[in-house]
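Data first, discussion second: the structure below is written as structure tokens.
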Amino acid sequence: MRSFATFAVVASGILLAACARTPPPTQDVTVSLATLSCDQAFTTSRAKPVGLDPEDPVAIEFDIQHSSPCKLDTASNKQLYEVVRLPSADSPYLLTISSPKIGGSAFAPTVATLSQTEDVRRIYAHDAFLNRGNKLSLSIEAAPEDRFLVVSSHADIVGDQRSEITTHITSQSHYNAVSGISTNLYYGSESQRGYTMSYTGKVIVTTMPAPSRALEPPSSRPSTEKR
């Protein structure tokens, strides 16, 4: 029995040590596409489909990487991209495009919606994406006429180095045996991190139903009578 307990303790120690040595996730920082050949137009032949659930969010996750299609923009800059086939819908719905900051890299995003005939309907440049903690995110209302979503890298900001300050809040509970009262103490610390805008990175596209816009009828108030 003792040898089994000793083995369990040793095994637990090995597992904890392995977890402690696990490095944080990283992704490549790509700041040059000089060796890639690019087309003049988008292609939707490899579009990734995303569904739409009337009650719950639906998400797909993919990587924009060196093997992704490459296209020249209007200024002849190269950009990597992927295409998402949007769901068929009878009414507008919410569409969120986000990209996590991983390691020292962040994808430099821009998106466009296309019609069924692949005509550009709307374009959202990189400055439309908001900094949401550990990710860049954009939420828009998609219309039934939006049939494709093109997520591409934005050459104008690739290579930019950015830094930000993050705040970490921790808490510790203290119990006073005399008074029988527990007190929570909160501690805050700040750290600075940097990241480089990249041609490549991870992207998450999420669809969800739009909130109801029906007007609620005014609540009936009880009548008061003077006596």
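The values are calculated or read from the model by the stated rules, or taken from the named source; none is laboratory data. Bear in mind that the values here come from a model prediction, so they are computed numbers and not experimental data. Quick reminder, even Gly has a Cβ in these numbers, built from the backbone with ideal geometry, and neighbours come from all protein chains shown.
Here are a few things to note about the model shown:
- When S91, S68 are checked against the criterion of being hydroxyl-bearing (S, T, Y) and more than 13 Å from D146 (Cα to Cα), a single residue qualifies: S68.
- Count of segment 99-132 residues which are more than 20 Å from S32 (Cβ to Cβ), of a type in the set (A, V, I, L, M) and not in a strand (DSSP E or B): 2
- Across segment 73-120, the qualifying residues are those that are surrounded by 15 or more Cβ atoms within 10 Å (Cβ to Cβ) and free of Cβ contacts under 8 Å to residues at least 60 places away in the same chain, and the one among them that is farthest from the chain's Cα centre (by Cα) is A89.
- Checklist (1) at pLDDT 95 or above; (2) at positive phi applied to L136, failing item: (2)
- On inspection, V58 fails the criterion of being under 24 Å from the mean Cα position of the chain (by Cα) and over 19 Å from I204 (Cβ atoms).
- Candidate set from segment 171-227 (those that are at pLDDT below 70 and polar (S, T, N, Q)); member that is nearest to S152 (Cα to Cα): Q192
- Against the criterion of being acidic (D, E) and either over 18 Å from A112 (Cα atoms) or modelled with pLDDT under 95 (or both), D56 qualifies.
- Flag for V9 being under 20 Å from T117 (Cα atoms) and either assigned to a strand (DSSP E or B) or at pLDDT below 95 (or both): no
- Taken together, I157, I140 contain a single residue that is of a type in the set (A, V, I, L, M, F, W, C), touching a strand residue (DSSP E or B) at 6+ places or on another chain (Cβ under 6 Å), part of a loop (DSSP other than H, G, I, E, B) and closer than 23 Å to Y199 by Cα, which is I157.
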